[in-house]
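Structure first, then comments.
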Amino acid sequence: MGNTDRPRRVVIVGSGLAGTATAVRLLRFAREPVQVVLLERRAEYRHAGVAYHRAGNPWHHVFNIQAGRMSMCREDVDDFMLWANDEADRTDWPPEWRDVMFTESGPAPRCVYPDYLAARLAQAAHDAAPGVELIEADGDAIDIHAHSHHVRVVVESLCLPSGAPALDRAVLDADHVVLATGLETRSPGFAAEVLDHPAFVRHPYSQPGLRRLQGVRTDATVVVIGSLLSAYDVAGLLLRRGHTGTIHLVSRSGLALRPYPPDHQHRVLSLPPPDLGADTDAGADDLLRRLRQAWDAACRRVAAEFPDVAPAVVSERVAKAWEPYLPAILERIPSAELRALLDRYGSLIATLRIGAMAHITDPVHAAMGEGGRIVRSVGRVEEIRRGRAGMLVVCIGGGSSLRTIEADLVVSNFARESDYERVDSVLWANLLANKIACAHRRTGRGIEVDAQGRVVGPAGSACGPIWAVGSPREGDELVRHGRTGAFTFNLAAIKNHSVAVAATVLRHLESCYDDEPDERTRALVDSSMTELRHAVMLEVRRMAARQYHERHSLSEEIEGSLQAVRAIVTNGGGVVPAESALRSAVNVAATTKLTDLSVTPRELRALLGLHQNGRIG
Ligand SMILES: Cc1cc2nc3c(=O)[nH]c(=O)nc-3n(C[C@H](O)[C@H](O)[C@H](O)COP(=O)(O)OP(=O)(O)OC[C@H]3O[C@@H](n4cnc5c(N)ncnc54)[C@H](O)[C@@H]3O)c2cc1C
């Protein structure tokens, strides 16, 4: 329940995609007054984060997946495309995009995404229930003091929209806090000597970084660290401005991105579980060998049984189909070995799980052939040191000898730091030091959370009402849901986190859910009673509806259904559940339906009957 001295408050730390999506869901789901404070430490990242902010993402940096998969709400699958085609203000769009009609399978520029997220957030605030308020504040959360029913968020440089002067340090009291702090970056140890060198670009997705890339001589020798998405972004940018010099892509894996076919659509295949044998003591190496065999067999099966699946996406289909089986498989691998496997095969898993748009890959692959301007080098960058005449020398290990490349410009890739014991964040350092959070035990990636996304300390229990959405849940997504590669932290994971966390927080906060459902109430909701099934579907529609008046009238219908259920139980001589417990159990069941990963978003929409009225709400 909320504290009575101030309005109920939920603070969301971080206003990238994950924070913004969670704010939208809270604003839409809330039935009772609440303040949703969306806190962001970097103004240019608001509704954007590093992946989409305009100053660091030029117009030809497109989403790596299709425009038709970029809706922020799974159940409202075409929402991004409809916004981009019908609502976006294209006045300052460049000619190559101004007249484009976006399609389900086609590309779209990443830098328009902040406008989309901002539009949906403003709409959600406008169409919220009375007393439900959005406050967008600037500030850097550096610590959280946890109590069993509230939190105190310590914020530096807090600036509230009220116009009051910024506060060097302030404390925001809240009933719940949602950590949407996003992608953490790894410091490139091998470049320690040259971090300030004018020929080293540490942050390619920043305005100064882009300026350096756009200012480099077209015949310059450029070394790009990495060979996947961020390396393609950089190489594509150089090629599009007519680069003639050699561009070296250096990575340990030497892997390349696979282009999606032009008509690619998301699809979930049903495949049997991999046959790994029942011998659980055979050791991780043996399990891995059998897993590889089963993987190859599954890929052959998809190719044979689904000839319409393009070869480039066979592995993606298998990885998706195996998601339900992976948690049990991973349980058979001891933690140390699991961590080693993830380190060793992380890039391979990433490329098997997801492709990239031809808009990204085509220019780069065309320049990779014999005598091309792009050269791939396999090896580990050991060191970058200062060379002659303002150049840098990149030392690459691997194999028997150390090779060097002399470069006019060296560009770091976007290296994520997944180990929260090493991330460069005062907030996370404090949360770990104070045992409010702990690094994910099994994978060493992200932090421990429970099934609802509540942050769990080293003792295995939650220290307070603190939740996480997005990348901090990377390891948990893998072992709990079998998600792999970018799907452990990208938009797909965030869509579900935002729904489940917003719904759960409100169940803790709102008085209409005061009673916890007991076993009997939960069993009742899971039963086949028509009235209850109807109530759950109404609740799904309420949660998916955008406008308050629609949600309000659905709420009234739900109340009618719940009364009918209670009357039926009374007449049957059963124990009648409390109204709020029943409401709560219905909300849980609706949340589960809205976050069902076993179908595509389009199938989900049909399954939930949301397609019947055209657009939602
Ligand atoms: C270059 C690039 C391209 C990508 N392209 C795609 C794509 O096409 N499709 C896709 O699905 N995914 C893509 N991704 C993955 C993408 O990162 C996720 O989809 C998503 O944007 C992550 O959102 P987030 O909110 O979790 O994190 P972020 O975008 O990192 O946002 C987190 C925010 O929290 C703020 N913050 C952190 N700590 C604090 C604090 N203590 N106090 C206040 N604020 C704080 C940060 O400033 C930041 O704005 C891409 C990633 C990168 C790096």
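Observations, loosely collected:
- For the range 47-68, a residue qualifies if it is more than 6 Å from the ligand (Cβ to nearest atom), crowded, with 22+ Cβ neighbours inside 10 Å and of a type outside the set (Ser, Thr, Tyr), and the qualifying residues are His47, Ala48, His53, Gly56, Asn57, His61, Val62, Gln66, Ala67.
- If you go through the range 317-352 and pick out every residue that is touching a Phe, Trp or Tyr at 6+ places or on another chain (Cβ under 9 Å), assigned to a helix (DSSP H, G or I) and not basic (Lys, Arg), you end up with 4.
- Listed conditions (1) within 15 Å of the ligand (Cβ to nearest atom); (2) under 30 Å from Val499 (Cα atoms); (3) among the acidic types (Asp, Glu) are all met by Asp233, apart from (2).
- Positions within the range 481-502 being crowded, with 24+ Cβ neighbours inside 10 Å and more than 13 Å from the ligand (Cβ to nearest atom), in sequence order: Val499, Ala502
- Matching option when the condition is over 25 Å from the mean Cα position of the chain (by Cα), more than 18 Å from Ile349 (Cβ to Cβ) and surrounded by fewer than 19 Cβ atoms within 10 Å (Cβ to Cβ), among Gly242, Gly254: Gly242
- Extreme residue, farthest from Leu237 (Cα to Cα), among residues of the range 391-412 that are at pLDDT below 95 and over 35 Å from the mean Cα position of the chain (by Cα): Ser400
- Criterion: in a loop (DSSP other than H, G, I, E, B) and of a type outside the set (Val, Ile, Thr) - qualifying residue of Ser461, Ser498: Ser461
- Verdict on Ile374 being more than 22 Å from the chain's Cα centre (by Cα), surrounded by 18 or more Cβ atoms within 10 Å (Cβ to Cβ) and within 16 Å of the ligand (Cβ to nearest atom): no
- Only a single item in (1) of a type in the set (Gly, Ala, Ser); (2) assigned by TED's automatic domain parsing to the domain that holds Val394; (3) closer than 27 Å to Pro324 by Cα is not met by Ala220, and it is number (3).
- Scanning the range 29-45 for residues that are in contact with a strand residue (DSSP E or B) (Cβ under 9 Å, 6 or more places away or on another chain), near the ligand (Cβ under 7 Å from one of its atoms) and under 22 Å from Gln123 (Cβ atoms) yields Leu39, Glu40.
- Qualifying residue in the range 353-369 (condition: closer than 24 Å to Val599 by Cβ, of a type outside the set (Gly, Ala, Ser) and not in a loop (DSSP other than H, G, I, E, B)): yes
- Some residue of the range 581-591 being closer than 22 Å to Ala21 by Cα and surrounded by fewer than 16 Cβ atoms within 10 Å (Cβ to Cβ): no
- Given (1) assigned to a loop (DSSP other than H, G, I, E, B); (2) of a type outside the set (Val, Ile, Thr); (3) surrounded by fewer than 24 Cβ atoms within 10 Å (Cβ to Cβ); (4) in contact (Cβ under 8 Å) with a residue 12 or more places away in the chain, index of the condition Asp5 fails: (4)
- Within the range 418-440, residues that are free of Cβ contacts under 8 Å to residues at least 40 places away in the same chain sit with their Cβ atoms under 6 Å from residues that are assigned to a loop (DSSP other than H, G, I, E, B) and within 14 Å of the ligand (Cβ to nearest atom), at 6+ positions apart or across chains, in these pairs: Ala439/Tyr420; His440/Gly446.
- Only one entry in Gly277, Gly226, Gly242 is in contact with a strand residue (DSSP E or B) (Cβ under 7 Å, 6 or more places away or on another chain) and on the phi > 0 side of the Ramachandran plot, namely Gly226.
- Of the numbered criteria (1) hydroxyl-bearing (Ser, Thr, Tyr); (2) assigned by TED's automatic domain parsing to the domain that holds Arg28; (3) more than 25 Å from Asp175 (Cα to Cα), the one Ser498 fails is (3).
- Only one entry of Ser105, Ser71 meets the criterion of being modelled with pLDDT of 95 or more, within 16 Å of the ligand (Cβ to nearest atom), assigned to a loop (DSSP other than H, G, I, E, B) and touching a His at 6+ places or on another chain (Cβ under 6 Å), and that entry is Ser105.
- Here is the figure for the range 392-402: residues that are outside any strand (DSSP E or B) and not aliphatic (A, V, I, L, M) total 4.
- Any chance Ile405 is away from the ligand (no atom under 13 Å from the Cβ), out of contact with any Phe, Trp or Tyr (no Cβ under 9 Å at 6 or more places or on another chain) and either part of a loop (DSSP other than H, G, I, E, B) or outside the structural domain of His203 (by TED's automatic domain parsing) (or both): no
- Contact map, the range 226-238: residues that are without any contact (Cβ under 8 Å) to a residue 12 or more places away in the chain paired with residues that are of a type in the set (Ser, Thr, Tyr) and near the ligand (Cβ under 10 Å from one of its atoms), Cβ distance under 7 Å, separation 6+ or inter-chain. No pairs are found.
- Wholly enclosed strands (runs of 3 or more DSSP E) of the range 132-179 bearing at least 3 residues closer than 26 Å to Ala462 by Cα, in contact (Cβ under 8 Å) with a residue 60 or more places away in the chain and within 15 Å of the ligand (Cβ to nearest atom): 132-146, 151-159, 176-179
- The single condition among (1) in contact with a Lys or Arg (Cβ under 8 Å, 6 or more places away or on another chain); (2) on the phi > 0 side of the Ramachandran plot that Gly460 does not satisfy is (1).
- Set Pro204, Pro208: member being free of Cβ contacts under 8 Å to residues at least 60 places away in the same chain, within 18 Å of Cys111 (Cα to Cα) and either within 29 Å of the chain's Cα centre (by Cα) or buried (at least 20 other Cβ atoms within 10 Å of the Cβ) (or both): Pro208
- Single match in Ser148, Ser162 (criterion: modelled with pLDDT under 95 and within 28 Å of Tyr548 (Cα to Cα)): Ser162
The values are calculated or read from the model by the stated rules, or taken from the named source; none is laboratory data. Nothing here was measured: the structure is a model prediction, and the numbers come from that model. As a convention, Cβ positions derive from the backbone with ideal geometry for all residues, glycine included, and neighbour counts pool all protein chains shown.
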